[in-house]
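*Asks:* One structure, as structure tokens, below. Some questions next.
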Amino acid sequence: MSIYKTPLYLCIFILFLGCKSSSSEDKPEVVIVVEPSVETPVELPKQDITCLGLAKLNFGNATATNELTDYVASRVIDGSFLPESRWSSLETDQHLILTLADFSLVKGISISWLNNDQRSYSYDIEVSKDNETWTSVVANQMTDSSTTRSQFVEIPEHSSQYIKIIPKGSNIDNANNIVEVEAFGCLADVSSSIELTDWYLSIPVDEATNTKAESIYESRLNNDYFNAQFFFLNTDGGLVFRAPIEGAKTSTNTKYTRTELREMLRRGNTNINVQGVNKNNWVFSSAPDNDLDAAGGVDGELIAELAVNHVTETGDKSQVGRVIIGQIHANNDEPIRVYYRKLPQNNKGSIYLAHEIEGGDDIYYELIGNRSQSATNPENGITLNERFGYQIKVVGNSLTLTITREGQADVSQTVDMTNSGYDQGGQYMYFKAGVYNQNNTGDVKDYVQATFYKITNSHTGYQAE
């Protein structure tokens, strides 16, 4: 809101056209010109914001007092964690100024430093409402020399639009190298509409030791769990899942990293085991009667709405650009895995599914585009950041995947599982949703990311107690 002062300028010009004679008819002509009023804006001071939640804020611009030709400031907000996409300065007393897209309540900063030689950087952080008056919020902070991951630091809450990072060199030399910066806070109260009481989350690191994947179980996940590297909200309430190539795996049999939800019908009742035909898992209605009685649900439907934000761009051609965004997992195999794949030379991605025969091979079905490592740009493909939906539905031995997009016809594929082996005794099921990176050959900092706006799971009968 602005208040305007409106001065009025009146200019009077007298034109003497000359006197032809002394008669009254030859009096000088007077012309009055009024200049239009000019509004001069006077900006009111920005008012402090009060809001809850911790979401990733959007940047609009980045500048620096000093930068190398190949490592400019804008690279720290380009969404790439690859080492060549960074800001570098060889001198101290330099700084970055990051402009937020919106005036926001800033609560934390995550910085990825170039650290391939176990160096420790020192830095300060200041914030400002107007890019003129600055407030110190972090002073003489030292980075962890033992990690190459992003490092998150909480800051005293300040309503700001500008963030200044002042790096002061490292314990080795005066060089400063920042790969990526992310800010967290809120513009208004923000929360996700996704119900998480019957899920747990796997992230590709143990937060205590950095040696193995960690499971964030139901009660902890539902206590506003936040991880600046792998799992966080965005400003419109979407849940962001991120999985880099480098990271811990969930088991010795797993080749790839994941940040992924695992369905838990027990809803926090730890007296029920995670695995087995029990009230935590579900079965197909084609299963034996004793399994139907023991299971937490029968048949199932998973509905998700999401946008894939980033896929890997480096590595072997057979793996680059692919990510699993949803699946049904059985004891040891997957009745369905839903893939999104976008190749670096294409601006649109494909959707396909894999159906794994119990104890056997995968059968692939292509719904949009194809899964080839040399695929051309799919005419009806899905771009990065485009919102779309999927539905996985199982009734007995019939499994259907449907892809939905606004303004376009649904695309479906049904799989007959009569001979797939999942209707035998002892086979239990659970849904999974998130990002399961399908590339372990690229740059270790390359990653996959998707934002989910809706995840709903349902089953008929035999719900968990």
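*Asks:* Compute, for the chain, the length of the dipole vector about the Cα centre, with Cβ point charges of +1 (Lys, Arg) and -1 (Asp, Glu) only. Units Debye, rounded to 20.
*Replies:* That gives a dipole near 240 debye.
*Asks:* Label Asn332 and Ser372 with points 7 Å out from Cα along Cα→Cβ: what is the distance between them in nm?
*Replies:* Placing both labels 7 Å beyond Cα along the Cβ direction yields 3.5 nm.
*Asks:* A follow-up question, please. In whole Hz, what ³J(HN,Hα) sequence does the range 419-428 give by Karplus (6.51, -1.76, 1.60; θ = phi - 60°), x for Gly and Pro?
*Replies:* 10, 8, x, 8, 9, 7, x, x, 8, 10
*Asks:* While we're here: For the range 345-388, what does the accessible surface come to per residue with a 1.4 Å probe? Please give it in Å².
*Replies:* 51 Å²
*Asks:* Could you give the length gained by full extension between Val444 and Ser398, i.e. 0.36 nm per residue of separation minus their alpha carbon distance, to one decimal place?
*Replies:* Computed gain between Val444 and Ser398 is 12.7 nm.
*Asks:* Output the antiparallel fraction of DSSP beta bridges having both residues in the chain, as a percent to the nearest 5.
*Replies:* 95 percent
*Asks:* Based on the Cβ-Cβ distance of Asp236 and Thr92, what FRET efficiency does E = 1/(1 + (r/R0)^6) give at R0 = 41 Å, to the nearest 0.05?
*Replies:* Efficiency at R0 = 41 Å is approximately 0.60.
*Asks:* Averaged per residue, what accessible surface does the range 102-240 expose to a 1.4 Å probe, in Å²?
*Replies:* 41 Å²
*Asks:* Any chance you could list P(r) for the chain, counting all Cα-Cα pairs in 10 angstrom bins from zero, rounded to whole %?
*Replies:* 4, 17, 24, 21, 13, 8, 4, 3, 2, 2, 1, 0, 0
*Asks:* Can you grab the distance from the C-alpha centre of the range 128-154 to the C-alpha centre of the range 199-267, Å, no decimals?
*Replies:* First find each Cα centre; the distance between them is then 25 Å.
*Asks:* Right, something else. Can you give the FRET efficiency to the nearest 0.05 for Asp130 and Asn347, using r as the Cβ-Cβ distance and R₀ = 41 Å?
*Replies:* Efficiency at R0 = 41 Å is approximately 0.60.
*Asks:* Stretch Asn380-Asn271 to full length: gain in nm at 0.36 nm per residue minus the Cα-Cα span?
*Replies:* 34.5 nm
*Asks:* Work out from phi, with θ = phi - 60° and the Karplus expression 6.51 cos²θ - 1.76 cosθ + 1.60, the ³J(HN,Hα) of each residue of the range 176-188, listed in order in whole Hz, and give x for Gly and Pro.
*Replies:* 10, 9, 10, 8, 7, 10, 10, 10, 10, x, 7, 9, 7
*Asks:* Next question, about the same structure. For Ile363 and Gln408 in one chain, what is 0.36 nm times their gap in residues minus the Cα-Cα distance, to one decimal in nm?
*Replies:* Answer, rounded to one decimal: 13.5 nm.
*Asks:* Moving on to the next point. With the cut-off at 18 Å, tell me which of the pairs Lys255/Lys279; Lys107/Lys212; Lys249/Lys432; Lys342/Lys432; Lys107/Lys164 have Cα atoms farther apart than that.
*Replies:* Going by Cα-Cα distance, Lys255/Lys279; Lys107/Lys212; Lys342/Lys432 fall outside the 18 Å limit.
*Asks:* Separate question: Which residues in the range 291-315 place their backbone N less than 12 Å from a point set 7 Å from the Cα of Gln424 along the Cα-to-Cβ direction?
*Replies:* none
*Asks:* Once Lys and Arg get +1 and Asp and Glu get -1 on their Cβ, which of Gly461, Thr270, Thr383 lies farthest toward the positive end of the dipole of the chain?
*Replies:* Final value for the positive-end residue is Thr383.
*Asks:* Share of the chain's accessible area from carbon and sulfur, percent, 1.4 Å?
*Replies:* Exposed carbon and sulfur together represent 46 percent of the surface.
The values are calculated or read from the model by the stated rules, or taken from the named source; none is laboratory data. All figures in this text were calculated on a predicted structure; none of them were measured in a lab. Note: ideal-geometry Cβ built from the backbone for every residue, glycine included; neighbour counts use all protein chains shown. Accessible surface areas use protein heavy atoms only, side chains included; no ligands, DNA or RNA. Shrake-Rupley method; radii C 1.70, N 1.55, O 1.52, S 1.80 Å.
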